[in-house]
Ligand SMILES: Cc1ncc(C[n+]2csc(CCOP(=O)(O)OP(=O)(O)O)c2C)c(N)n1
Ligand SMILES: [Mg+2]
């Protein structure tokens, strides 16, 4: 949402269920103006919606490319399969991204899949599939750009599986009994933020001092946006129903 230009305050406010109706005109977790599609909360079921958006854009002759980001768990659902079949057959401008963070709530990937690399599935649909180190900012950017450009040129869909890790529990009440001891510690060594900072310092475009300053400024920006979001009122029942009905 941030990359699409949604203000940080509004992202936090959506997460914290605050009333955004006066700001956005509705209270739901999407931002059509900034190109962020609706999110249903039912994992997997967003994929046909985003595939439909890609179809609509293609029919209208737009050069937009839909990027559909989902989890390893969500991507095992039936609607995802149907979306990939139709996206391939109609060469739709859509990139399917699986953010493979190894867990769906408390279920490890190995209990839901018999394959390790989830991009292998692409071959069966008839479009390219590629696995990337999801903790490497530059690799993710380069591979995404390659396939987004291809889709924009009429080349059709691609599947990118970004291998990563969910560092924290699924939610605040998750004691994570399912996680093998020491596993998270290994993944923390691959934390993308310090890795990218180091990569930029290695090629001489960033100094430690600049990185520290940026971190301090961003922390202030995040704290201020969070405080501003929490200062917004809760939606009233009437207001919530009114905005939901207006959208329908
Ligand atoms: C159809 C459906 N079943 C169950 C849930 C509850 N649920 C919410 S998130 C989640 C795990 C999703 O895992 P994954 O797709 O890997 O995404 P991650 O949270 O790891 O990013 C589940 C089971 C849901 N939202 N929708
Ligand atoms: Mg997951």
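Every read-out reported here was derived from the displayed coordinates using simple, explicitly stated rules and does not represent laboratory data. Please read all numbers here as calculations on a predicted model, not as lab measurements. When we count neighbours, we look across all protein chains shown, and the Cβ atoms used for this are built from the backbone with ideal geometry, even at glycine.
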Residue selected from the range 54-95 under the condition buried (at least 17 other Cβ atoms within 10 Å of the Cβ), in contact (Cβ under 8 Å) with a residue 60 or more places away in the chain and over 17 Å from residue 35 (Cβ atoms), by the criterion farthest from ligand 2 (Cβ to nearest atom): 88
Kindly indicate the residue of the range 163-207 that is closer than 17 Å to residue 132 by Cβ and touching a helix residue (DSSP H, G or I) at 6+ places or on another chain (Cβ under 6 Å) and also surrounded by the most Cβ atoms within 10 Å (Cβ to Cβ) among those meeting that condition. 165
Matching residues in the range 18-57 - criterion: being within 16 Å of ligand 1 (Cβ to nearest atom) and at positive phi: 41, 44
Let me spell it out: the conditions are (1) under 23 Å from the mean Cα position of the chain (by Cα); (2) free of Cβ contacts under 8 Å to residues at least 40 places away in the same chain; (3) surrounded by 12 or more Cβ atoms within 10 Å (Cβ to Cβ), and residue 211 meets all of them except one. Which number is the exception? (1)
Suppose the filter is within 20 Å of the chain's Cα centre (by Cα) and part of a loop (DSSP other than H, G, I, E, B); does residue 165 pass it? yes
So which residues in the range 151-176 are in contact with a strand residue (DSSP E or B) (Cβ under 7 Å, 6 or more places away or on another chain) and either without any contact (Cβ under 8 Å) to a residue 40 or more places away in the chain or within 16 Å of ligand 1 (Cβ to nearest atom) (or both)? 159, 160, 161, 162, 163, 164, 166
Those residues that are surrounded by 18 or more Cβ atoms within 10 Å (Cβ to Cβ) and away from ligand 1 (no atom under 16 Å from the Cβ), I need them from the range 117-130; list them, please. 122, 125, 127, 129
Which condition breaks for residue 205 when tested against (1) over 19 Å from the mean Cα position of the chain (by Cα); (2) farther than 20 Å from residue 72 by Cα; (3) assigned to a helix (DSSP H, G or I)? (3)
